[in-house]
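Heads up, the thing below is written out as structure tokens.
The values are calculated or read from the model by the stated rules, or taken from the named source; none is laboratory data. Note that the coordinates shown come from a computational prediction; the quantities given were computed from them, not determined experimentally. Don't worry about glycine lacking a Cβ; one is built from the backbone with ideal geometry, like all the others, and counts go over all protein chains shown. For the accessible areas, the whole protein counts, side chains as well, though only heavy atoms, and no ligand, DNA or RNA atoms are used. Shrake-Rupley method; radii C 1.70, N 1.55, O 1.52, S 1.80 Å.
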Amino acid sequence: MAELRYDGRVAVVTGAGHGLGRQHALELASRGAKVVVNDLGGDRSGVGADAGPAQQVVDEIKKNGGEAVANPDNVATPEGAQAIVQTALDTFGKVDIIVNNAGILRDKSFKNMTPEEFDAVIAVHLRGSFLVSSAAWAHLREQGYGRIVNTSSPAGLFGNFGQANYSTAKMGLVGFTKTLAQEGAKYNIKANAIAPVAWTRMTEDLLPADFADKLGVDQVTPLVAFLVHDTNEDSGEVYTVGGGRIAKIFVAEGPGYGQKTTLSVEDVRDNWAEINSGDPLTVFKNVGEQMGPLIKQLTS
């Protein structure tokens with residue numbers, strides 16, 4: 001099979017100074033993409049700023065014969081997000097690919113979490129993905145092409161102790177991704193999300209040290225690279241990835257229970273098993289499809 005190339009494409013990768021983002025940027029550049037390497041350069045809690053990490057990745061790309069430019073702006077502000085996309089436009093003339101990877105951690109058990117710690121994580125992961133995608137959106141629509149990958153997490157899909165802020169942001173990105181997929185469909189803009197499991201400075205306290213070698217970032221990037229390639233036609237999907245395994249995550253609904261008369265609390269109690277049944281499960285592509293069973297009940 002032919003090698004997948006990205007010649008002529010311009011990619012923006014946020015949070016690309018370390019870990020997953022760095023690997024995404026290196027891989028895309030090695031296959032011909034021109035890359036904007038964005039990283040604020042703070043620590044994993046979002047404190048501080050340093051242009052060094054992004055520039056180091058750019059230097060590595062150029063040393064290997066690729067094209068890249070560093071950007072140190074903050075994804076969590078409208079001005080920062082606009083500047084990131086503008087860097088692509090000013091340097092390479094366009095933008096085709098957005099990989100929203102920037103993130104921070106402020107882990108605390110829920111009883112100890114402050115509003116500031118909650119807001120800070122939402123600002124980078126969820127708001128940042130919105131702002132950067134928004135800054136690029138008009139350009140993607142106008143050229144009739146775009147590929148967006150958002151970085152969700154198993155913590156968002158299934159919850160995780162001590163990460164109420166992070167989990168909220170990551171599940172929010174699922175709804176965000178599915179909406180972008182619907183709104184971008186007529187403009188050939190594909191949006192998907194990944195829920196990675198990888199050993200990085202963000203996860204080194206969460207994953208067993210024995211798995212460090214087996215959960216390398218190089219086991220995640222191939223999925224990202226495929227999702228942003230011209231040939232990928234899937235959109236609005238979520239995939240978990242790590243350690244050599246990739247699987248699609250489904251948002252599904254059971255058959256449920258319904259009745260013509262107004263429900264009472266006792267009706268809910270008496271039909272609780274049927275309400276919770278997962279056999280069969282149905283996967284809907286949009287809200288219109290999901291409303292189908294209810295509309296059928298109301299009109300039959």
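Inside region 105-143, residues that are more than 19 Å from Lys178 (Cβ to Cβ) and assigned to a helix (DSSP H, G or I) make up a count of 17. Restricting attention to region 38-67, the residues that are surrounded by fewer than 19 Cβ atoms within 10 Å (Cβ to Cβ) and among the aliphatic types (A, V, I, L, M) total 3. Candidates Ala83, Ala102: the one that is aliphatic (A, V, I, L, M), closer than 17 Å to Val132 by Cβ, at pLDDT 95 or above and assigned to a helix (DSSP H, G or I) is Ala83.
Out of Ser134, Ser167, Ser129, Ser153, which single residue is open to solvent by less than 50 Å² (accessible area, probe 1.4 Å), within 15 Å of Ile98 (Cα to Cα) and out of contact with any Ser or Thr (no Cβ under 6 Å at 6 or more places or on another chain)?
After applying the criteria, what remains is Ser129.
Hey, any hits in region 151-174 for a residue that's at pLDDT 95 or above, of a type in the set (Ser, Thr, Tyr) and assigned to a strand (DSSP E or B)? Yes, that holds for at least one residue. Of the residues making up region 37-70, those that are aliphatic (A, V, I, L, M) and in a loop (DSSP other than H, G, I, E, B) are Leu40, Val47, Ala49, Ala51. It is to be established whether one or more residues within region 213-220 are touching a Gly at 6+ places or on another chain (Cβ under 7 Å), open to solvent by 40 Å² or more (accessible area, probe 1.4 Å), at pLDDT 95 or above and among the aliphatic types (A, V, I, L, M). No - not one qualifying residue is present in region 213-220. Considering region 184-300, the qualifying helices (runs of 4 or more DSSP H), each wholly inside and each with 1 or more residues that are more than 27 Å from Trp137 (Cβ to Cβ), run over 265-270, 272-275, 292-299.
Checking each residue in region 1-27 for being open to solvent by less than 60 Å² (accessible area, probe 1.4 Å), within 17 Å of the chain's Cα centre (by Cα) and not small (Gly, Ala, Ser) picks out Val12, Val13, Thr14, Leu20, Gln23, His24. For region 175-193, a tally of residues being of a type in the set (Val, Ile, Thr) and crowded, with 21+ Cβ neighbours inside 10 Å returns 2. What is the residue count in region 72-113 for residues that are under 13 Å from Tyr166 (Cα atoms) and either crowded, with 22+ Cβ neighbours inside 10 Å or not acidic (Asp, Glu) (or both)? The number of residues fulfilling the criteria is 9. Only a single criterion out of (1) farther than 19 Å from Asn100 by Cβ; (2) buried (at least 16 other Cβ atoms within 10 Å of the Cβ); (3) among the hydrophobic types (A, V, I, L, M, F, W, C) is not satisfied by Ala209, namely (2).
List every residue pair whose Cβ atoms sit under 7 Å apart, with the two residues 6 or more apart in sequence or on different chains, where the first one lies in region 94-106 and is charged (D, E, K, R) and the second, anywhere, is surrounded by fewer than 24 Cβ atoms within 10 Å (Cβ to Cβ) and assigned to a loop (DSSP other than H, G, I, E, B). Short answer, once both residue conditions are applied: Asp96/Arg9; Asp96/Tyr145; Arg106/Ser45.
Contact map, region 32-57: first residue farther than 21 Å from Ser129 by Cβ, second residue at pLDDT 95 or above and not hydrophobic (A, V, I, L, M, F, W, C), Cβ cut-off under 6 Å, separation 6 or more or different chains; pairs are Gly32/Arg5; Gly32/Tyr6; Gly32/Asp7; Lys34/Glu67; Ala51/Pro72. Being at pLDDT below 95, open to solvent by less than 70 Å² (accessible area, probe 1.4 Å) and out of contact with any Ser or Thr (no Cβ under 6 Å at 6 or more places or on another chain) is not true of Leu223.
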